[in-house]
Amino acid sequence: MSPRLPTAAIVLGIAGLVPFVFLAIAALSVQNPSESARFLLALVAYGGVVLAFLGGIHWGFVLHPVLPEGLTTDARRDATRLGLGVVPSLIGWAALLTPLFGVPEIGLAVLIVGYLGTIIGEHHLRRRGALLPAGFMALRWALSIVVLAVLITVLALRLIGAKITFL
């Protein structure tokens, strides 16, 4: 049996959604275009940083495994996992670079691909026997669905030029 996911991880994971939602609303509701662009840049930056963190989690699992009695690590799988743990950082960095070239919406698209790829990759790792704490994948799927919904909504509304207005 794999170790349980700490309650703090669940609480902090959910709390980590707050900046996504706040920055998305701000990027879509602020009427001043330059302020809106700053909030969009902040959303892309936060999304890139969180994506990098998601890759780093797997380094922690490999470098400090908590193995149930009788199980051992698999060096080849661990090396693959370490390599794949770097990919989300590179994708997040690429997303951060896109606003520098004047197209922050591409940064959102890059993040969407990165989050989808990361959760699908984790799903495959789990199916291939990578040890993860109980509840990790359920939390990751739940958080990823919210993040993807936010990023896709912001991208779609930005592409059609829509704004959110509050009465």
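Which of (1) at pLDDT below 85; (2) closer than 17 Å to R140 by Cβ does A75 not meet, given it meets every other one?
Result: A75 passes all but (2).
Looking at the range 10-39, I want the residues that are without any contact (Cβ under 8 Å) to a residue 24 or more places away in the chain and have a partner that is assigned to a loop (DSSP other than H, G, I, E, B) with Cβ atoms under 8 Å, at least 6 apart or on another chain. Which pairs are those?
Within 8 Å, the pairs are S36/V30; F39/V30.
Just give me the residues in the range 142-167 being modelled with pLDDT under 95, surrounded by 13 or more Cβ atoms within 10 Å (Cβ to Cβ) and either out of contact with any Asp or Glu (no Cβ under 7 Å at 6 or more places or on another chain) or aliphatic (A, V, I, L, M) (or both), in sequence order.
Passing the criteria: L157, I164.
Taking the options L108, L96, name whichever one is closer than 14 Å to L40 by Cβ, modelled with pLDDT of 95 or more and surrounded by 15 or more Cβ atoms within 10 Å (Cβ to Cβ).
Details: L96 fails: modelled with pLDDT of 95 or more.
Exactly one of L108, L96 is closer than 14 Å to L40 by Cβ, modelled with pLDDT of 95 or more and surrounded by 15 or more Cβ atoms within 10 Å (Cβ to Cβ), namely L108.
Could you give me the residue pairs with C-beta distances under 6 Å whose first residue belongs to the range 136-163 and is touching a residue at least 40 places away in the same chain (Cβ under 8 Å), whose second residue is outside any helix (DSSP H, G or I) and crowded, with 17+ Cβ neighbours inside 10 Å wherever it lies, and which are 6+ apart or on separate chains?
Note: pairs meeting the criteria are F136/L5.
S34 is checked against (1) over 30 Å from F136 (Cβ atoms); (2) within 22 Å of the chain's Cα centre (by Cα) and fails just one. What number does that condition carry?
Against the list (1) over 30 Å from F136 (Cβ atoms); (2) within 22 Å of the chain's Cα centre (by Cα), S34 comes up short only on (2).
From the list L5, L17, which residue is touching a strand residue (DSSP E or B) at 6+ places or on another chain (Cβ under 7 Å) and more than 20 Å from L97 (Cα to Cα)?
On the way: L17 fails: touching a strand residue (DSSP E or B) at 6+ places or on another chain (Cβ under 7 Å).
Only one candidate passes the filter, namely L5.
Among the candidates V103, V66, V62, which residue alone is in contact with an Asp or Glu (Cβ under 7 Å, 6 or more places away or on another chain), modelled with pLDDT under 95 and over 16 Å from L148 (Cβ atoms)?
On the way: V103 fails: in contact with an Asp or Glu (Cβ under 7 Å, 6 or more places away or on another chain); V66 fails: in contact with an Asp or Glu (Cβ under 7 Å, 6 or more places away or on another chain).
Going through V103, V66, V62 in turn, just one is in contact with an Asp or Glu (Cβ under 7 Å, 6 or more places away or on another chain), modelled with pLDDT under 95 and over 16 Å from L148 (Cβ atoms): V62.
When you go through L28, L51, L12 one by one, which is the residue that is at pLDDT 95 or above, in a helix (DSSP H, G or I), out of contact with any strand residue (DSSP E or B) (no Cβ under 9 Å at 6 or more places or on another chain) and crowded, with 17+ Cβ neighbours inside 10 Å? Steps first, answer last, please.
Numbers: L28 fails: at pLDDT 95 or above; L12 fails: crowded, with 17+ Cβ neighbours inside 10 Å.
Sole residue among the options that is at pLDDT 95 or above, in a helix (DSSP H, G or I), out of contact with any strand residue (DSSP E or B) (no Cβ under 9 Å at 6 or more places or on another chain) and crowded, with 17+ Cβ neighbours inside 10 Å: L51.
The values are calculated or read from the model by the stated rules, or taken from the named source; none is laboratory data. In this text the structure is predicted, and so the values were computed from the model without any measurement. We place every Cβ from the backbone using ideal geometry, glycine too, and count neighbours over all the protein chains shown.
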